[in-house]
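Report on one structure; see the data block that follows.
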Amino acid sequence: MDINQLVSKNQSIKIVPSIEDSLKSMGLDVSLDPNSKKWLEQLKVTWKTWKKTPAVATQIETFFELADDRYRLALVFVIKCEEYKDCKSKTLPYYIVETLLKWSNTSKILPDDNLKLPAFHIAIQQRNQHFLCLVVKTYRINTIKDQILPLVRDMVSQDNCKQASQIVIAMELFDEIPVEDLIFPLILQDKPNLIDEYLNECPSQVKPLLIFLDTLLDKTISIRDFVQRYINDNKITHVKYDKLHYKPLGKLVARLCNKFNIPIETCKNLSKNRTTGGLRYLIHQKYQEHNVSTSVWDDLVKDSLKQNAGSGQEFIEMLVEYDRTEALKWASYLNMAESELPLALKEISISDVPGEESWDANETHESTSQEYYKFKLLDDQVIMIDTAEKFNDLIVSEIVKSSLVGIDCEWKPSFGATQSQVALIQLATSNRVYLIDTLILNKVEYASYWHTFYKSFLDNAEIIKIGFGLEQDLKEMKSCLVGLGSIKVQGEGLLDLGIFWKSLLSNGLLLPSSSDIGGNSLSCLVQSCFGLPLEKSEQCSNWELRPLRSTQILYAALDAYVLIELYEYLHKICLVQKINFEEICNDVMLESKKKCTKKPKVIDRFQSCVPIVQARSVHEVKFIVDPVLSHLMPYLRYCGIDTTVIPVTMLWYDAINVAIAEDRLVLLCKIKHTPTSNFPQSSILEVGRDTVMQQLRKIFYSFNIKVEQDNLFSFCINCNSKDLRKLDSNDVVKMCSEYKINAVAGEATDKFGCGYDDDETAYCDNFLSDSDCDEDLYQPDTLPRITLTTKKNVPIEIHNAPQLSESKKDAILCEDCGKLFWDEDILLKPVSEVVLNFKKLKIW
């Protein structure tokens, strides 16, 4: 058959030679004489029965002893075996070469040079690292490096870095193939698994790689320019350009330092960039968030500059944009020459800046009207644990007597190169707070005390340990404190108040206040419960300073003690609101033990930081809802909220554009990511599939909507119109009389089988659609009659006109859709009842 018939005109054909043909082209004789062929067949039968046994090994060694061209025959035997394509350690071809290596080490007979390249070719056919190393050792292939190196370089250029790295490891070509030449293409292609695999095999190459990568973190070098030249010169394909800037590259360097225990100080540019980033964060906290006191600012800036003085120039240039006087103060501290100063500072004399010794004396505190939550215990109820005797008394008598303990820990912000350790552990009971100085007690000689602390307290499920972000605190303690390397960070007896708070809210908990700043922090929870936030100016303190300032001690004590207060307050309010506090508490502790933290759900990633916004009226809120949630529209409209639906055929991006144009929030059954930075994720709420009551509760709490009595029924629940006319009882009776006269023909039709109940059902099924589709609502067929209309010439519809007329009640008419609503209306009644239930729950 003509091979050209197998392909189309524009296709190409690549013919790959067999392994035997390839070896023949290299000069290897792949034939076997009859005796060798017979011996191999007998070996295969023996292998199936005996596998790796001394008898089989003896049989192979005896053959190699008697054969003249044993090394050639071994290669031919390998390619003649069925397992040739997968030479794992338990296969016959692997065992043949393994036995040959043992025999050669004993006999001292070496292979011929002309067999080395064919042996290498056989080894790389399967990409088995162990088999490759075995063949390299057996055939001494490292003696022909000059022939192998061009092949390895070709593999790198052809985007086959994985196999190239295996060969470099097997033949120890580290000097000939620099690690950056082999690994940098993998970095450009974002293949971290291959990078780790290579470095795990040759950890000696980690440091040279890190030094190379660190040179790219020099801010004077343009990473993009360097990489583009490298790509062009080496013809690298499949490059992930989004990884080619300082931040992801810095993260990679930091990860490799941590993984292979390389001191991060080795990477000078990474250390400098981290210090500069920390100083930038401090400037933001001081001048924009106003969360850093002057003493904390001075301590942390000094500490950061001490770690990396090279960041001083950039720090001054950043600071001068906010505070020239402060910038000049630190320029003087760094002894910067006037020629090094930014232009904005050269006009000010450094001599006018006070010396460092007078900084504390000149410190001024910014006046603020903000009130903060106060610590309720006395000074003597805060006890510092800084000796072995105090620590022993605490863990054998004091803390184990409590059934409820608040726990928190502090460490110095890690702005520079060195990772900080836990410096202070706070334990709070109902009447005391204990501050454990871990800088003093975290020593090998106190390991037995820490073990007792773990067994009698941390591992004691009878004592509920309350934290906020508890798992992270326990992980920090576990990683750096002697004797705590095996503590559990989740499970029974460990209650994270942040998770517990969220769970209580999902079960209907209503708190009396809301946070001014929004968010999910401890301060937000304190403000939601007690009306005032926590004072956080010491949050970024240098907790390794000794002695601690009084403000630091107060901050640390309050952070732990307020956990006890919150737990007790939430317990009380749950009793009032009839929420099962104990059951939810146990569920949270047990669930935290089961949960998988490796891959958070999409909803957790998108909505875990949705802020608790300030209270707002219904006039400040408009919704556009998922078609699946259209049943919620009448309830929201009844509460006075302008609500429309996303058309089923509308694309998600277009729906967001509508939301932006009409200033609407989006309600979805299942979360989606915002497609544009112009529309924040916090304006999208996943309502989920639940009861109407639960769905409405989630909406009103998440957006903190307050509804007044006057807001009720300001929108038509049927069509979202605001053109509503209130009719008194006289107008209603008159309209019902006219309606009954005009409906006689329709009633006659009903007697012949048009069931009115079916009409009602059809109408109810459709009334939840958006106003654009209201013309499609089902209308019962009637005999021709004069139609009663609104001022906008829309036919009026009245449910049970005789009953309404007899009741002589007021009603509301929608001029746009013609629907007449009264308190017994089949559409209005279920909606109003749900809203009344909300009033009982004090939603507003």
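Some observations on this one:
- Model label zone, Glu824; criterion: amide N under 13 Å from point 7 Å along Cα-to-beta-carbon; scope the stretch 789-808: 799-808
- Around the Cα centre of the stretch 613-711, unit charges on the Cβ atoms of Lys, Arg, Asp and Glu (plus for the first two, minus for the last two) sum to a dipole of about 280 debye.
- Exposure proxy order (Cβ contacts within 10 Å, fewest to most) of Val45, Val396: Val45, Val396
- The ranking of Asp380, Asp825 from fewest to most other beta carbons within 10 Å of each one's beta carbon is Asp380, Asp825.
- Computed FRET value (nearest 0.05) for Ala67 with Lys24, which takes r as the C-beta separation and R₀ as 22 Å: 0.60
- Applying 0.36 nm per residue to the separation of Lys722 and Lys90 and subtracting their alpha-carbon distance, the gain on full extension is 219.5 nm.
- Across all directions, the average flat footprint of the convex hull enclosing the Cα atoms of the chain is 59.3 nm².
- Each Lys and Arg adds +1 at its Cβ and each Asp and Glu adds -1 at its Cβ; summed about the Cα centre, the chain shows a dipole of about 2740 debye.
- Extension gain, Lys808 to Asn678: 0.36 nm times the residue separation minus the Cα-Cα distance gives 41.6 nm.
- C-alpha long axis of helix 756-766 to longest principal axis of the chain, angle in °: 50
- Helix-only mean residue ellipticity at 222 nm for the chain, each DSSP H run of n ≥ 4 adding -39500 (n - 2.57), per residue, nearest 500: -14000 deg cm²/dmol
- Distance between the pseudo-spin-label points of Ser550 and Arg324 (7 Å out from Cα toward the beta carbon): 3.7 nm.
- Whole-number percent relative contact order across the stretch 116-253, with pairs defined as alpha carbons under 8 Å at least 6 apart: 20
- Rounded to 10°, Cα long-axis angle of helix 129-138 versus longest principal axis of the chain: 10
- Each of Val156, Ile584, Val482 was scored by the projection of its Cα onto the charge dipole of the chain, and the greatest displacement toward the positive side belongs to Val156; charges sit on the C-beta of Lys, Arg, Asp and Glu.
- The alpha carbons of the stretch 268-357 give a radius of gyration and a Dmax of 12.5, 35 Å, in that order.
- Label point at Glu662 placed 7 Å out along Cα→Cβ; residues across the stretch 705-730 whose backbone nitrogen lies under 16 Å: 715-723
- Between the residues Leu632, Ser617, Thr106, the greatest Cα displacement towards the positive end of the dipole of the chain, with unit charges on the Cβ of Lys, Arg, Asp and Glu, is found for Thr106.
- Stretching Val834 away from Ile15 to a fully extended chain increases their span by 287.4 nm, per 0.36 nm per residue minus the current alpha-carbon distance.
- Farthest toward the positive end of the dipole of the stretch 19-260, out of Trp39, Leu117, Thr143, is the Cα of Trp39, where the dipole comes from beta carbon charges about the Cα centre.
- The distance between label points at Asp175 and Lys102 comes to 3.4 nm (points 7 Å beyond Cα on the Cα→Cβ vector).
- Rounded tilt (10° steps) of 70-80 against the dominant C-alpha axis of the chain: 30
- Note on His451 and Phe260: their simple-model spin labels are 3.6 nm apart, each label 7 Å out from Cα toward Cβ.
- Remark: the stretch 268-357 carries a charge dipole of roughly 420 debye about the Cα centre, counting +1 on each Lys and Arg Cβ and -1 on each Asp and Glu Cβ.
- Taking amide H positions as modeled 1.01 Å from N, with prolines and chain starts lacking one, the residues under 5 Å from Leu494 and 5 or more places away or on another chain are Lys465.
- As a length-normalised measure over Cα pairs under 8 Å and 6 or more apart, the relative contact order of the chain settles at 6 percent.
Here, each number is a calculation from the coordinates, and none is a lab measurement. Remember, it's a predicted structure, so these values are computed and weren't measured experimentally. A quick note on method: Cβ atoms are made from the backbone with ideal geometry, for glycine too, and the neighbour counts reach across all protein chains shown.
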